[in-house]
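Reviewing the structure listed below.
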Amino acid sequence: LRFCYVNQYCTLMTAQESLNRPTTSASHTESERDESNNDAALIQRLRKSGKLEKIQHDFTAKLVQCGWRDDLTDVAKDAVRDNGGITQVTLDQISAVVVPHGYDTVPPILREKVKKQLRQAIREEKQT
């Protein structure tokens, strides 16, 4: 979940930048496709440079430090218990409870920190 969160923000950040760019060409779909390819390439460069992994590592450490992970573990245990125990519960049932709770309970200050780090990493990668 924590890596999904960082990857989601990375994708959203590049998508938001794409939306802010004016499009004036007649081949709007081709332009969108090129931007999508550029965004995917940018994310791939962030992965190769190790910047994305470092952001993920820092984010994970902060989530553990603030107790978010322990809270999520408790929610997962409750979901198992509420759905008939370990032998009857499905992964979908656990995920339906844990994933939304996980996204909703990430501390806002950590969200902002990740956004800031991703914006900075994207700017640096675009300059290279």
Treating cross-link reach as a plain straight distance, find the lysines whose alpha-carbon is under 24 Å from the alpha-carbon of Lys51, omitting any fewer than eight places away in the same chain.
Lys62, Lys113, Lys115, Lys116, Lys126
Quick one: plug the Kirkwood hydrodynamic radius of the range 41-128 (C-alpha pairs) into Stokes-Einstein at 20 °C, 1.002 mPa s, and report D in µm²/s.
143 µm²/s
Just to check I understand the Karplus step: with θ = phi - 60° and J = 6.51 cos²θ - 1.76 cosθ + 1.60, what whole-Hz values come out for the range 96-113, glycine and proline as x?
4, 9, 6, 4, x, 4, x, 5, 6, 9, 5, x, x, 5, 6, 4, 5, 5
Carbon + sulfur, % of accessible area of the range 38-128 - ligands and nucleic acids excluded, 1.4 Å
53 percent
Listed peptides 81-88, 64-71, 115-122 by packing density, highest first (mean Cβ within 10 Å):
115-122, 64-71, 81-88
How far is it, in nm, from the label point at Thr73 to the one at Lys113 when both lie 7 Å from their Cα along the line to the Cβ?
2.0 nm
What list of ³J(HN,Hα) values in whole Hz, one per residue of the range 45-58 in order, does the Karplus curve 6.51 cos²θ - 1.76 cosθ + 1.60 (θ = phi - 60°) give from phi, with Gly and Pro shown as x?
5, 4, 5, 5, 6, x, 5, 5, 5, 5, 4, 4, 4, 4
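The values are calculated or read from the model by the stated rules, or taken from the named source; none is laboratory data. Because the structure is predicted, anything quoted here is derived from the model rather than measured. Here the Cβ is made from the backbone with ideal geometry for all residues, glycine too, and neighbour counts use every protein chain on show. Accessible surface is based on the protein model in full, side chains and every heavy atom, while ligands, DNA and RNA are left aside. Shrake-Rupley method; radii C 1.70, N 1.55, O 1.52, S 1.80 Å.
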